[in-house]
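**Student:** I'd like to ask you about the structure that follows.
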Amino acid sequence: MKIIVSNSSKLPIYEQIANSIKEEIINGTLEPNEKLPSIRSLAKDLNISVITTKRAYEELESQGFIETVGGKGCYVSYFNKELIYEEKLKEIEEKLEEIMQIARAIKLEKKDIYSMIDLLYEGE
């Protein structure tokens, strides 16, 4: 598992950790029922507080990406495709909002954005 934490990021450290693990789950790098590092172990590896790591795991659990088994640790949940689909839709919406802010700042017309999207989509 590869987690990169940046002090220069606008996101809190716990969110960076949660996002990294979530991405590995969505991409299939972490498989359902795979055991995650213990909270203490991950905190030590990343040289951060146990509280921060615990918060990241709690965030992932509340979103349904991992499950905690008492006395055994945290495991990747069996999740359905709808959860992944919704997560990716959310990511697309966030990126489109960034694009719209930039487009509005330079007074780019909607039709020009559509043209750009068409060209990029056809280039796939």
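None of the figures in this text is laboratory data; all of them are computed from the coordinates on show. Being a predicted model, the structure only gives us computed values, none of them experimental. A quick note on method: Cβ atoms are made from the backbone with ideal geometry, for glycine too, and the neighbour counts reach across all protein chains shown.
**Student:** Between GLU67 and GLU31, how high is the FRET efficiency from 1/(1 + (r/R0)^6) when r is the Cβ-Cβ distance and R₀ = 22 Å? Nearest 0.05.
**Tutor:** In this case the efficiency is close to 0.95.
**Student:** Which value, in debye to the nearest 20, describes the size of the charge dipole of the chain about its Cα centre when Lys and Arg Cβ atoms bear +1, Asp and Glu Cβ atoms bear -1, and nothing else is charged?
**Tutor:** For this selection, approximately 560 debye.
**Student:** While we're looking at this one, here's another question. How far is helix 13-27 tilted off the main Cα axis of the chain, in degrees rounded to 10, range 0 to 90?
**Tutor:** Taking the Cα atoms of the chain, the angle to 13-27 is about 80 degrees.
**Student:** In degrees, nearest 10, range 0 to 90: what is the angle between the Cα axis of helix 81-105 and the longest Cα principal axis of the chain?
**Tutor:** Once rounded, the angle reads 50 degrees.
**Student:** Based on the Kirkwood radius over alpha-carbon pairs, what value in µm²/s does the Stokes-Einstein equation return for the translational diffusion coefficient of the stretch 13-76 at 25 °C and 0.890 mPa s?
**Tutor:** Calculated translational D: 212 µm²/s.
**Student:** Right, next: Looking at THR53, MET100, TYR114, which one has the Cα that reaches farthest to the positive end of the dipole of the chain (charges on Cβ: Lys, Arg +1; Asp, Glu -1)?
**Tutor:** Of the options given, the answer is THR53.
**Student:** So between LYS88 and MET116, what do we pick up on full extension, going 0.36 nm a residue minus the alpha carbon distance?
**Tutor:** Additional length available on full extension: 8.0 nm.
**Student:** Using the alpha-carbon centroid of each, what span in Å lies between the stretch 63-124 and the stretch 1-59?
**Tutor:** The two parts, judged by their Cα centres, are 19 Å apart.
**Student:** Further question: According to the Kirkwood expression over distinct Cα-Cα pairs, how big is the hydrodynamic radius of the stretch 81-122, in Å?
**Tutor:** 11.5
**Student:** Right, next: With axes computed from alpha carbons, what is the tilt in degrees of helix 50-62 against the longest principal axis of the chain, rounded to the nearest 10 within 0 to 90?
**Tutor:** Result, in degrees: 60.
**Student:** Also, I was wondering about something else. Add -39500 (n - 2.57) for each DSSP H run of 4 or more in the chain, then divide by its residues: what number comes out at 222 nm, to the nearest 500 deg cm²/dmol?
**Tutor:** Rounded to the nearest 500, the figure is -19500 deg cm²/dmol.
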